[in-house]
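A short worksheet on the structure shown next.
The values are calculated or read from the model by the stated rules, or taken from the named source; none is laboratory data. Note that the structure is a prediction, hence the values are computed from the model and not measured. Cβ placement follows ideal geometry from the backbone for every residue including glycine, while neighbour counts extend to all protein chains displayed.
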Amino acid sequence: MRKIWLIATTTYRRRIRSGMFLFLTFGLPVLMVIAGAVPFIRARGSDLPAVGYVDQTGRLATVTQVPVEDATLTLTAYPDIGAAQTAFQQGEIAGYLVIPDGYFQGQPAAFYAEEEPGGKLQVALIAFMRRAMLPDEPAWILDRLAGPSNLTYVARDSGEEITAGPAVAVRFAVPAVLALVFAIAVFTGAGQMGSAMVREKEQRSMEMIITSLAPRELVAGKVLGMTLLSLTQVGVWAIGGGIAFVLAFSSVVDVQTLSIPWEALTWGLLLGMPGYFLYAVLASGLGVMAGDSQQAQQLAGVLGMLGMAPLYLMGLLINAPDGPLAVGLTMFPLTAPMIGLFRMALVEVPTWQLIASLAILTASLVGSIWLVAHIFRAAMLMYGQALRPRQLLQALREV
């Protein structure tokens, strides 16, 4: 195990210093954080502007101030649109709301300004309308009207409770997002793994280490190092995406109320880790069989497309998430992580199916390491040459 870890750490340190790797790893999260910070700064960094309103219904109460969170919206009533427009042009107000005569019959109100109102101003205008229509009601009734039908969904089997709104979206989106992250990691990592094994052949580093290192130890070390490299990249992307999400939606969603689906995260880790290792081992085997880096990239690309293949079956799985096809793909090791997580976003997947999928996946990983190690031993002296099927079968017969 010490030799495997030595190969892994050496591979990890050498690749993580690459300028292109650092750019791709940290460049995307920086862009996501910047994009998420824009609405956060707009919502937090500016006070509510003074606005006006024109009540063409004649039925609204006069309201001059509306408190919203840590700010107060100041309003001015105008007799007609012309007066409001004049005040707007003179800079007295930042915009004005027109409540038409047919508002109570379903005609919508219109807000006139130079730019679209931010999230906080929209909330303040809605609070103004509630106060203007119900001036004599206490504040708790107005607060209750802000969310008159907040429902709580209770899972029939597990008893899990989820509040309606963003929490429901997060509950069902997280497993699907994890599945997509796994597919992207496989697609990007397979090519790196194949190229890394070809590089070992081209640089003839095997001759220096094969006398003190077993083939399975070299394969396991390279796979572990490249996997840790890919996980580092995905982890940085996930942190950047999480920060961007919190910044972008903190002004409209109370992030603290969101329910984290720990079961999906747990099974995502349990299935995703051995699943990624399996793809990495297979990619390294294709790299060993390839004659050069270009051929290794091509073979790894085919493997990466195989990892993305479950996406093409989503239409069938959505219609029958508990059907034979869905269950079969959950058990098949190359599709188990993605299909299992996608099904968890749609239905309650039986625990025995997930446990069986994990067992099959683990057994496949162990078998693939054994197979690739022997392929590596057969090809370690064939520098610059592809391992043909006949030579591959002969090498496996000699095991």
query: How many residues does segment 15-42 contain that are modelled with pLDDT of 75 or more and of a type in the set (Lys, Arg)?
result: 1
field: Selection from segment 323-350 of residues that are surrounded by fewer than 16 Cβ atoms within 10 Å (Cβ to Cβ) and assigned to a loop (DSSP other than H, G, I, E, B)
entry: 323, 332, 347, 348, 350
field: Among (1) farther than 26 Å from residue 261 by Cβ; (2) modelled with pLDDT of 85 or more - the single one residue 392 does not satisfy
entry: (2)
- request: Please enumerate the residues belonging to segment 116-133 that are surrounded by fewer than 19 Cβ atoms within 10 Å (Cβ to Cβ), modelled with pLDDT under 80 and among the charged types (D, E, K, R).
  value: 116
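Pick from 84, 110: which is aliphatic (A, V, I, L, M), loosely packed, with under 13 Cβ neighbours inside 10 Å and modelled with pLDDT of 80 or more?
Details: 84 fails: loosely packed, with under 13 Cβ neighbours inside 10 Å.
Step by step, each of 84, 110 is checked, and only 110 is aliphatic (A, V, I, L, M), loosely packed, with under 13 Cβ neighbours inside 10 Å and modelled with pLDDT of 80 or more.
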field: Given (1) surrounded by 12 or more Cβ atoms within 10 Å (Cβ to Cβ); (2) in a loop (DSSP other than H, G, I, E, B), index of the condition residue 53 fails
entry: (2)
task: Specify the residue that is farthest from residue 118 (Cα to Cα); the eligible residues are those in segment 235-252 that are at pLDDT below 75 and surrounded by 19 or more Cβ atoms within 10 Å (Cβ to Cβ).
output: 247
Which numbered condition residue 33 fails, given (1) surrounded by 13 or more Cβ atoms within 10 Å (Cβ to Cβ); (2) part of a helix (DSSP H, G or I); (3) outside the structural domain of residue 224 (by TED's automatic domain parsing): (3)
message: Given the condition within 28 Å of residue 136 (Cβ to Cβ) and touching a helix residue (DSSP H, G or I) at 6+ places or on another chain (Cβ under 8 Å), answer yes or no: does some residue in segment 80-91 qualify?
response: no
